[in-house]
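The values are calculated or read from the model by the stated rules, or taken from the named source; none is laboratory data. In this text, all values refer to a predicted model and were calculated from it rather than measured experimentally. As a convention, Cβ positions derive from the backbone with ideal geometry for all residues, glycine included, and neighbour counts pool all protein chains shown. Heads up: the accessible areas ignore ligands, DNA and RNA and are worked out on the full protein's heavy atoms, side chains in. Shrake-Rupley method; radii C 1.70, N 1.55, O 1.52, S 1.80 Å.
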Amino acid sequence: MLQSKLFYKTTKPSSAKTSEGQGENIAISHELLTSGGFVDQLMSGVYSFLPLGFSVLKNIENIIRKNMVDAGGQEILMPVLQPKENWLKTGRWNNLDILFKVKGGGDKEYALGPTHEEVVSPLVKKIILSYKDLPLSVFQIQTKFRDELRAKSGILRTREFLMKDLYSFHATQEDLDNYYDKMIKVYFNVFKELGIKKQTYLTLASGGSFSKYSHEFQMATDAGEDIIYICKKCSTAINKEIKSENPKCPECGSGNFEEKKAVEVGNIFKLGTNYSAPFELKFRDKDGSEKPVIMGCYGIGLSRVMGAAVEACHDERGIIWPEKIAPFKAHLIALGDDKKIKTTSQKIYQYLQKNNIQVLYDDRDDKSAGEKFADADLIGIPYRIIVSEKTLAKNSVELKKRNKKQAGLVKIKDLIKQFQISKS
Ligand SMILES: [Zn+2]
């Protein structure tokens, strides 16, 4: 991509107030993603994703999708617009305060899906008949709506957001328990690939009627709105609710905790028969008896993960994208308007593209070296390649990683090899 043609605009990061006057509390991820030209805030809690941000979102989506498919999930797409009756049936039409309700013609009411148990349960009921059809897991990656009264913290908490939600269906509690444990491992693999595993804690939360605990995946960050307590002895984390019910660590009994602010980047929950019961989702077992299907659900907010990754990976100059989700792998920067610099940069640009290395080429003529470097630091692409008079004198380019201070000269002919080494 040519930077001169890219649909974006960088602005100086500042602690500018947003429409709801958040002022000093503004999350750094909001500031960097907005000033870096990744997202644009339409209103509080509602964002557009520009090409740079959309590319990161797609990379996150692909990592999550691959892991869900590997775990046996089948991808589907369910509607956002949902009938009121289904929500009345589960009691959530009146009990879920974040539910967006919309009125259609003739005063008919609908829900905008904040989650999809009310759709997936009756859907699966049409297909699952016998124990032979179980277990089953389906997932979707789709826009969700939640009427957060105080949407703040930028894209960490929004009213409209992209989410992956997977639902699993089982014949026995034991089968659900095994699948649930497997999903904990799958989730940590996702967070590893996203580059935020180190900061992410499996956190015990209250479980409802079908299990003692559910689990949140909480990423420690000062921008977080949640508080978690990490056991200093065994590293298990518990959320505030659990802490007030049980002042000791449920795993090891220690009372020594470290308190941290955190943002929830995922959650998993054993639903049991909470949703299969109201929709009469049953299966015929081996002995011919009818039994309720036992369910689990597993969520990750994609746009929130994007914000969380920025919270975890930045410095005072801008974002430092983890490689797998970066909008581009390399940022090629031509310094000076000498003709040789231009033609060589153009050649390197084509050469990288031919070798499937995603590259943003800063070909802008009207920007100084300082402005180009400031933009590159803000945007945070993992590898910076600089072409200048100085480097060309040695048939080389300067190669620098965004997260490292030192830069090195690399012969132009060896450039691709460098990327291949970094990949392995
Ligand atoms: Zn412990």
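Could you give the length gained by full extension between Lys58 and Asn246, i.e. 0.36 nm per residue of separation minus their alpha carbon distance, to one decimal place? Intermediate values should be presented prior to the final figure.
Details: separation 188, 0.36 × 188 = 67.68 nm, distance 4.04 nm.
Stretched fully, the Lys58-Asn246 segment lengthens by 63.6 nm.
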Checklist entry - So for the pair Asn256, Leu88, with labels modelled 7 Å out along Cα→Cβ, what separation do we get in nm? => result 5.7 nm
Checklist entry - How many angstrom lie between the C-alpha centres of the stretch 355-424 and the stretch 117-173? => result 42 Å
Checklist entry - Applying 1/(1 + (r/R0)^6) with R0 = 22 Å to the Cβ-Cβ distance of Lys340 and Lys5, what FRET efficiency is obtained, to the nearest 0.05? => result 0.45
Item to check | Across the chain: Cys residues that no other cysteine approaches within a C-beta distance under 4.7 Å | outcome: Cys297, Cys313
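Between Ala369 and Gln420, what is the FRET efficiency for a Förster distance of 30 Å, r being their Cβ-Cβ separation, to the nearest 0.05? Intermediate values should be presented prior to the final figure.
On the way: r = 29 Å, r/R0 = 0.96.
Efficiency for this residue pair is about 0.55.
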Checklist entry - Can you run phi through the Karplus equation (6.51, -1.76, 1.60; θ = phi - 60°) for the stretch 381-395 and list ³J(HN,Hα) in whole Hz, with x for Gly and Pro? => result 5, x, 10, 10, 10, 10, 10, 9, 4, 4, 6, 5, 4, 10, 6
Checklist entry - Which of the pairs Lys58/Lys390; Lys182/Lys243; Lys108/Lys240; Lys5/Lys340 have their Cα atoms more than 29 Å apart in this structure? => result Lys58/Lys390; Lys108/Lys240
Checklist entry - Using a basic spin-label model with each label point 7 Å from the Cα along Cα→Cβ, how many nm lie between Thr143 and Gln173? => result 4.1 nm
Checklist outcome for this item: Looking only at lysines whose Cα falls under 27 Å of Lys101's and that sit 8 or more positions away or on another chain, we get Lys84, Lys89, Lys125, Lys126, Lys144, Lys152, Lys164, Lys270
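Classify the chain from the C-alpha gyration tensor, please: rounded if a/c falls under 1.5, else prolate or oblate depending on whether a/b exceeds b/c.
On the way: a/c = 1.95, a/b = 1.94, b/c = 1.00.
Prolate, because a/c is 1.5 or more and a/b exceeds b/c.
Could you do me a favour and compute the accessible area per residue for the stretch 91-136, 1.4 Å probe, result in Å²?
Numbers: 2530 Å² over 46 residues.
Dividing the accessible area of the stretch 91-136 by its residue count gives 55 Å².
Quantify how much of the Cα-Cα distance distribution of the stretch 73-163 extends past 15 Å, in percent. Mind showing how you got there, number by number?
Working: 2652 of 4095 pairs.
For the stretch 73-163, the fraction of Cα-Cα distances above 15 Å is 65 percent.
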Next on the checklist: Less than 18 Å from a label point 7 Å out along the Cα-to-Cβ axis of Lys324: which backbone N atoms in the stretch 31-64 qualify, by residue?
Outcome noted: 55-64
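Given the peptides 120-127, 213-220, arrange them by the average over their residues of other C-beta atoms within 10 Å, most packed first. The partial results should precede the final answer.
Values: 120-127: 17.4, 213-220: 23.8.
Listed from highest to lowest mean packing, they are 213-220, 120-127.
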Next on the checklist: Could you work out how much longer the chain between Ala407 and Ala277 gets when fully extended? Use 0.36 nm per residue separation minus the Cα distance between them, nm to one decimal.
Outcome noted: 40.6 nm
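Residue separation times 0.36 nm, minus the C-alpha to C-alpha distance between Ser206 and Lys101: what's the value? Don't skip to the answer; put the middle values down first.
Numbers: separation 105, 0.36 × 105 = 37.80 nm, distance 2.73 nm.
In short, 35.1 nm is gained.
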